[in-house]
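Below: the structure, in structure tokens.
The values are calculated or read from the model by the stated rules, or taken from the named source; none is laboratory data. Values in this document were obtained by computation on a predicted structure and should not be read as measured data. Cβ sites come from the backbone with ideal geometry, for glycine too, and all protein chains shown count toward neighbours.
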Protein chains: 2
Amino acid sequence: MAAKFASEKNLKFMLYEVHDLVSLTKQEYFSMHNKKTFDMILSAGMKMAKDLYYPIFKEMDEVHPELENGTVKVHPNVRKIMREAGEGGWISACFPTKFDGGQLPTMINCATHFLFGSANYSGSVYPGLTSGAAMLITSFGSQKLIDTFVPNMLEGLWQGTMALTEPQAGSSLSDLTTTAVDKGDGTYSIKGQKVFISAGDHDGVDNVVHLMLAKIEGAPLGVKGISLFVVPKYRPLADGTLEYNDVAVSQVFHKMGYRGAPITELAIGDKGDCVGWLVGQPHHGLKYMFQMMNGARLDVGNAATGIASAAYQASLDYARQRPQGRKLGQKDLTKPQIPIIEHADVKRMLLFQKAVAEGSLSLILQCHKYEDLETASTDPEEKEKYNLLCEILTPIAKTFPSEMGIQSTSYAIQCLGGYGYCQDFPVEQYYRDIRIHPIHEGTTGIQGMDLLGRKVIMQNGKAFQLFKDEMEKTLVMAEAAPEFQEYAKALRAAIADIEEVTAHKMQVAATKGPEAFLADSVLYLEMFGYATIAWQWLLQALMAQNGLDGGKAKTMKDLYEGKVITCKYFFKYEVPKMQGLKIRLMEDDYLTAEAPVSCFND
Amino acid sequence: MAAKFASEKNLKFMLYEVHDLVSLTKQEYFSMHNKKTFDMILSAGMKMAKDLYYPIFKEMDEVHPELENGTVKVHPNVRKIMREAGEGGWISACFPTKFDGGQLPTMINCATHFLFGSANYSGSVYPGLTSGAAMLITSFGSQKLIDTFVPNMLEGLWQGTMALTEPQAGSSLSDLTTTAVDKGDGTYSIKGQKVFISAGDHDGVDNVVHLMLAKIEGAPLGVKGISLFVVPKYRPLADGTLEYNDVAVSQVFHKMGYRGAPITELAIGDKGDCVGWLVGQPHHGLKYMFQMMNGARLDVGNAATGIASAAYQASLDYARQRPQGRKLGQKDLTKPQIPIIEHADVKRMLLFQKAVAEGSLSLILQCHKYEDLETASTDPEEKEKYNLLCEILTPIAKTFPSEMGIQSTSYAIQCLGGYGYCQDFPVEQYYRDIRIHPIHEGTTGIQGMDLLGRKVIMQNGKAFQLFKDEMEKTLVMAEAAPEFQEYAKALRAAIADIEEVTAHKMQVAATKGPEAFLADSVLYLEMFGYATIAWQWLLQALMAQNGLDGGKAKTMKDLYEGKVITCKYFFKYEVPKMQGLKIRLMEDDYLTAEAPVSCFND
């Protein structure tokens, strides 16, 4: 089990050379940190990924969580994971010091989570969700709520969850029906049903704290009537003991992958004895939840990146060792076979995987840097700028790794041939595990509508303009370097294409209405994704070229050269795909919106 | 278990209206058949798919075949499948009457296999392989070999296999090391190891007959030294009893999908007591095997098509029933939610699946029609023409359904959201099952090299020219119909693009050598695939329009309209993707061929 699932060297190159993590320490908010502490955290994270997460990667896939006597039984090491994540300060890493947190940049947290997700995605979900749920309470909950629930969550003793989805309301949150009735004592009586709740119950913790959406009696219809509640499985009494709170698991779903974490269906208040605590103001629940949701979407992108990275490493390792065939044109069959990594088509599949995994990682870190700058900044205008950059990039950072990760892990299988399809190698598990990511925390369809229908047009296109300003900085650098001018030109053309398509779609919105406007928004998102990742690859290549030109440590030479080659690969093989998308997006028919449902009758 | 996995109505439209199956009966060779017998076969096939294959589709996935006391234990119904396939004449359907076969067109056999593969791919493999292996013996084996082995195979009592792959020789058949030593009595002593042998051993039959590649002592190096042998698990003695032939199963692979059929590793002649019978001439084995291999490649394409079709039907069924959300712009939340099939993005995902499944089916039937015309024709020139058409289309008919089927089944999951990822619905199994197809019977990489490196250039481009001539017939029809002229124009442009790219690649071959020539052959194959399927969609739409214009039965109206809409979808959404591929293919760098292996060091 000593296989390599991620490159620490690449991660450091990304953090320090591409995205200049250390520059954040100039900000007052992060000023207690320095490169040394970051290095220590990375080393500790890598050790934890190797020693705690990776050894049970396969076991957690093999033994499905099952419901036993009202509790979901999970791998015994989940308790260990939660305790180490709590005691080691991983769950509270990004919380302000006033909550006993590490007040670390989310960039470094994202980097360690990338390692955990590469090592064992299912295992990494438990503390990750807990952190997000606790953050929601500290951000919007009363001091009493914080005192009651947060410490045990940050310690890893209690699990946190996001409880949004209901059987009749997945993507359509307006249709939630879980109800909350004011009990008059500052608490609410909750009743309803939730499905697909990740880590919604398990025996690796002593309690589960659901951050749950519900509607208070008489609330307005739709999303404007949604409130947020803390609904624990066991309610803490005044004396510190726990009492069952009528939150029962009615089902554990059996899934294709991501099998180490239970996805549960919950029956809430079936016996009329479920108490919930309101977080913040009534009817503002969705707004609060979206703080967690945006973080969760970046987490999904990061996890997909981690899985794609692990699959890439596994197929790379195989391709280096597996002899098969000879160079084309080599007719001398007495010569030994060569490792398949020397075949052009295998290199193409590896370059694709590298391009997806490292391009995605770069974008996710970029988003977290904006998030950290938003947090650290004291200037409202700066704060808004970084917030908008995060907003516009989140649907891409969620979707590109998730969707391209499917193809990337599929290529990992393909590199191994028949062996890749067998359980003796890990790539088939990566292929199954990653498939959840285009679904949860907002499907790709939802992300497409979010990007084109909200983010690109918000504040008269301000977020889009800020995004272009950011790319401009990279373009100026690239245009000053002769070997990258070609790619700068291609990226400028890509941006112009997106602008042209966007203008066309705005016209459609004005003249044909929302159905026609958004019908192809998934294609728009895909097109936008290529340009965004191209930008990140150009940035990486420029920083790598800096390293090469500066004659830095010889040990970095291959990595730097690999970055420059992969950047070229991305511009030569992937960016051209925008043209097919553009042709479709510029058309003036609304085939999918207009096709009658009867056309599927056969 | 009454779910719909395939549309019989669509299949009949394809067979009778698009590809005019009945016209084959004008050929002497097929003259004993008529539409009525074809209809009966289709009905019987559908019944068998529903009653025999589909009910155990899920069970065969859940219980993995395991090695027990030297035999692989499979689902108990496998024996039933083999017996019914034998007794019902399904295994021998396309064999000439002189072998007691049905002498049916492969088109109708392909249609019933499509149904079996849609219902339960793993189950359909056992008789399918047996048929192919027996065909190889009847085509090239001696009368004695035929008499000894074929009757029991056609009866479904003995399993047939293709035994090519060895641990050190998958795609590289030159490196086979299984040996054959002449025993002087007309038989050979066989020794070696084979891996990934589908249905290589199981308890659903009384014997297993391997069609095995091996090298006779002193044979030339490489593929020119490969011979073909019949190597049974039990050798039939003169008195009709069976004696163990030293073919042992050393391993059963556990796979991600396609779990109902055992893939085995075989130890042949470990005790020095394995007898093999030479088929045909020494050293001609690969040529013989390729008769079976080409058929097997079409079978893979057909099976992938079947799985994609079943996944499409499952997601269509769900999309019709699942309410979620409202039309965009519908603000009245008191209105009920609408079925998701009414959302444009869901229709887009369904149209994609329909386009892939039905476009692929059309191409596979087209290939089988050429095969049947080759068989039936008595004119050597005609025979060669149809053979060449089959040759050039086989890599596409194998790869397009296999590769696009991955995305298609992925969309099936996406249509179901979280439920699609769970084992309560069949789509996750389809997604796992289909993933084998770009791997076995020649990977996608091999198919790409086959198309660009052999098929397109064979006989000075004769096959390519014949292919264009065939498309021309469709184009002429389309140009005479005002509503299809736009698509005819697009298809002409697509063909011109392929010609341009092909010319460029020929130039590269001449000036830069084979590595550069074939480096992007997978992309070339993908591009070629879009044009080929576009042709098939145009053909289908034209025939559907004929039906609409002719005012045929009202029950066909929706299907016809669906064909026209899906054709438009394919031209509007898929054909433009050729542009991105073309841009790459026309470039003059050889990035993947030239990238040093060190660029992956990190």
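Conditions tested, residue by residue: (1) in the same structural domain as residue A:248 (by TED's automatic domain parsing); (2) of a type in the set (A, V, I, L, M); (3) surrounded by fewer than 18 Cβ atoms within 10 Å (Cβ to Cβ); (4) over 25 Å from residue A:304 (Cα atoms).
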site	(1), (2), (3), (4)
A:23	no, no, yes, yes
A:27	no, no, yes, yes
A:31	no, no, yes, yes
A:60	no, yes, no, no
A:88	no, no, yes, no
A:92	no, no, no, no
A:105	no, no, no, no
A:113	no, no, no, no
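Residues are listed down the side, and each one gets a yes or a no for (1) buried (at least 20 other Cβ atoms within 10 Å of the Cβ); (2) under 20 Å from residue B:284 (Cα atoms); (3) within 14 Å of chain A (Cβ to nearest Cβ):
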| site | (1), (2), (3) |
| --- | --- |
| B:188 | yes, yes, no |
| B:195 | yes, no, yes |
| B:211 | yes, yes, no |
| B:237 | no, no, no |
| B:240 | no, no, no |
| B:256 | yes, no, yes |
Filter the stretch A:533-548 for residues that are buried (at least 23 other Cβ atoms within 10 Å of the Cβ) and over 15 Å from residue A:14 (Cβ atoms) and give the result. A:534
Could you count how many residues in the stretch B:590-602 are facing another protein chain (nearest Cβ under 7 Å) and outside any helix (DSSP H, G or I)? 3
Please indicate, with yes or no, whether at least one residue in the stretch B:344-366 is of a type in the set (Lys, Arg), under 30 Å from residue A:224 (Cβ atoms) and without any contact (Cβ under 8 Å) to a residue 12 or more places away in the chain. yes
Only listed residue being closer than 23 Å to residue B:540 by Cβ, at pLDDT 95 or above and of a type in the set (S, T, N, Q), chosen from B:444, B:474: B:474
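Conditions tested, residue by residue: (1) touching a His at 6+ places or on another chain (Cβ under 7 Å); (2) over 16 Å from residue B:192 (Cα atoms).
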residue	(1), (2)
B:220	yes, yes
B:224	yes, yes
B:228	no, no
B:231	yes, no
B:238	no, yes
B:243	no, yes
B:249	no, no
B:255	no, yes
B:258	no, yes
Residue among A:332, A:273, A:299 that is out of contact with any helix residue (DSSP H, G or I) (no Cβ under 7 Å at 6 or more places or on another chain), charged (D, E, K, R) and not assigned by TED's automatic domain parsing to the domain that holds residue A:197: A:332
Just to be sure, is residue B:417 in contact with a strand residue (DSSP E or B) (Cβ under 9 Å, 6 or more places away or on another chain) and within 14 Å of another protein chain (Cβ to nearest Cβ)? yes
Mind checking whether some residue in the stretch A:2-24 is out of contact with any Ser or Thr (no Cβ under 7 Å at 6 or more places or on another chain), within 14 Å of another protein chain (Cβ to nearest Cβ) and polar (S, T, N, Q)? yes
Which one of these is among the aliphatic types (A, V, I, L, M) and over 25 Å from residue A:374 (Cβ atoms): A:104, A:129, A:67? A:67
Take residues that are within 11 Å of another protein chain (Cβ to nearest Cβ) and touching a Gly at 6+ places or on another chain (Cβ under 6 Å) and tell me which of the helices (runs of 4 or more DSSP H) falling wholly in the stretch B:479-567 contain 1 or more. B:514-518, B:521-549
Odd one out for residue A:439 among (1) surrounded by fewer than 21 Cβ atoms within 10 Å (Cβ to Cβ); (2) within 27 Å of residue A:114 (Cβ to Cβ); (3) free of Cβ contacts under 8 Å to residues at least 12 places away in the same chain: (1)
Restricting to the stretch A:579-588, name every residue that is in contact with a Lys or Arg (Cβ under 8 Å, 6 or more places away or on another chain) and at the interface with another protein chain (Cβ under 7 Å from one of its Cβ atoms). A:580, A:584, A:587
Name the one entry in A:383, A:354 that is within 14 Å of chain B (Cβ to nearest Cβ) and out of contact with any His (no Cβ under 8 Å at 6 or more places or on another chain). A:354
Does the stretch A:153-167 contain any residue that is of a type outside the set (D, E, K, R), within 14 Å of chain B (Cβ to nearest Cβ) and more than 28 Å from residue A:301 (Cβ to Cβ)? no
When the residues of the stretch B:62-86 are narrowed to those that are of a type in the set (Val, Ile, Thr) and out of contact with any helix residue (DSSP H, G or I) (no Cβ under 7 Å at 6 or more places or on another chain), which ends up surrounded by the most Cβ atoms within 10 Å (Cβ to Cβ)? B:74
For the subset of the stretch A:568-578 comprising residues that are part of a helix (DSSP H, G or I) and either touching a residue at least 24 places away in the same chain (Cβ under 8 Å) or among the aromatic types (Phe, Trp, Tyr) (or both), which member is nearest to the other protein chains (Cβ to nearest Cβ)? A:577
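Which ones in the stretch B:174-188 are under 26 Å from residue A:319 (Cβ atoms), in contact (Cβ under 8 Å) with a residue 24 or more places away in the chain and out of contact with any helix residue (DSSP H, G or I) (no Cβ under 6 Å at 6 or more places or on another chain)? Steps first, please.
Going residue by residue through the stretch B:174-188, those that are under 26 Å from residue A:319 (Cβ atoms) are B:174-178.
Narrowing the set further to residues that are in contact (Cβ under 8 Å) with a residue 24 or more places away in the chain leaves B:174, B:176-178.
Once the filter is applied, which keeps residues that are under 26 Å from residue A:319 (Cβ atoms), in contact (Cβ under 8 Å) with a residue 24 or more places away in the chain and out of contact with any helix residue (DSSP H, G or I) (no Cβ under 6 Å at 6 or more places or on another chain), the stretch B:174-188 yields B:176, B:177, B:178.
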Just wondering, is there one or more residues in the stretch A:301-312 that are under 23 Å from the mean Cα position of the chain (by Cα), in a helix (DSSP H, G or I), aromatic (Phe, Trp, Tyr) and under 20 Å from residue A:197 (Cα atoms)? no
Need the failing condition index for residue A:459 against (1) touching a residue at least 24 places away in the same chain (Cβ under 8 Å); (2) more than 10 Å from every other protein chain (Cβ to nearest Cβ); (3) under 25 Å from residue A:299 (Cα atoms), just the number. (3)
State whether one or more residues within the stretch A:269-285 are more than 14 Å from chain B (Cβ to nearest Cβ), part of a helix (DSSP H, G or I) and either over 28 Å from the mean Cα position of the chain (by Cα) or not polar (S, T, N, Q) (or both). yes
Looking at A:510, A:503, A:480, A:519, which one is surrounded by 14 or more Cβ atoms within 10 Å (Cβ to Cβ) and of a type outside the set (Phe, Trp, Tyr)? A:519
Residue count, the stretch A:153-165 (criterion: farther than 16 Å from residue A:443 by Cβ and surrounded by 21 or more Cβ atoms within 10 Å (Cβ to Cβ)): 8
